[in-house]
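The structure appears below as structure tokens.
The values are calculated or read from the model by the stated rules, or taken from the named source; none is laboratory data. Quantities reported herein were computed from a predicted structural model and do not represent experimental measurements. Note that each Cβ is placed from the backbone with ideal geometry, even for glycine, and that neighbours are counted across all protein chains shown.
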Amino acid sequence: MPEDPAGRDTTVSTTRRVLKLTIAYEGTDFAGWQRQPGARTVQGCLEEAMAAIDKRPVSAVAAGRTDAGVHAWAQVVSIPVRTHLSAAVIQRAINFHLPGDLRVTDVEDAAPDFNARRKSTGKIYRYTMLAGAEPDPFTRRVVWRVTGDLDVAAMQHAAALLVGEHDFASFQAAGGDVVTSVRTLLRSAVTREATAPHYIRYDVEGTGFLRHMVRNIVGTLVDIGRHRWPPEAMADILASRSRDRAGATAPPQGLVLVRVLF
């Protein structure tokens, strides 16, 4: 760190500065985003790395909290700091302190009032299923292997019924503390990869999501793809507002936070 003639660190300011970080992580070995005592978390690793640069404890706020085992391509985080170091230098320095399964892909200065959670207007998620085939060594930790093939056309029909503003209580995990379970989905689509047809993807964009909401929708879509229910049953499940009516929660490894919207 640069020093002045008196030997004091000149990279630290008394003025608050807010950084906007974009981060990516392979979530298999993390206990989710949120800091937890005795657990390896994304927030914990990120705050420790930034604190080493800022020479003080820092507090990171994310636009959404991913669960254990869930991945992110472009999660957005806000962190108030006091360092004078440039954004480019901070990015290199923080990645030096981070483990290999967590990277900061971009750092920029944000407005003093920027809060990643409050400023976010929506998110895009993708869930990947591998149907009727064995995962290869490079994808086994980022897909849900489903035995047998799935009726993608039926899943597409069912997924489309979720677009719009609805009460998604049927897909909410127990123990949530939200005021309302009404959310708006702008996109809800199932596709089969043209060049790798065993891979089936569910892409969803919304203004907000409930705990386990995407994974519970995927579990329901897989049941429809297996012909447990017809596609039209999705509308009835949604209207019931009963978690018991929907499918099981899909495992976390197939889910990735693709992008945060502002």
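Which residues, taken from the range 188-228, are in contact (Cβ under 8 Å) with a residue 60 or more places away in the chain and more than 28 Å from A72 (Cβ to Cβ)?
Within the range 188-228, R226, H227 meet the criteria.
When you scan the range 181-262 for strands (runs of 3 or more DSSP E) that lie fully inside it, which ones turn up with 1 or more residues that are among the basic types (K, R) and under 18 Å from W144 (Cβ atoms)? If you could, list the steps in order and put the result at the bottom.
Values: elements: 182-192, 199-206, 255-261.
Result: 182-192, 199-206.
With respect to the numbered conditions (1) in the same structural domain as T83 (by TED's automatic domain parsing); (2) more than 21 Å from R65 (Cβ to Cβ), which one is the sole condition not fulfilled by A110?
Single failed check for A110: (2).
Could you list all residues from the range 127-141 that are surrounded by fewer than 19 Cβ atoms within 10 Å (Cβ to Cβ) and either in contact (Cβ under 8 Å) with a residue 60 or more places away in the chain or of a type in the set (A, V, I, L, M, F, W, C) (or both)? Working first, answer last.
At the first step, the residues of the range 127-141 found to be surrounded by fewer than 19 Cβ atoms within 10 Å (Cβ to Cβ) are 132-141.
Within the range 127-141, G132, A133, F138, R141 meet the criteria.
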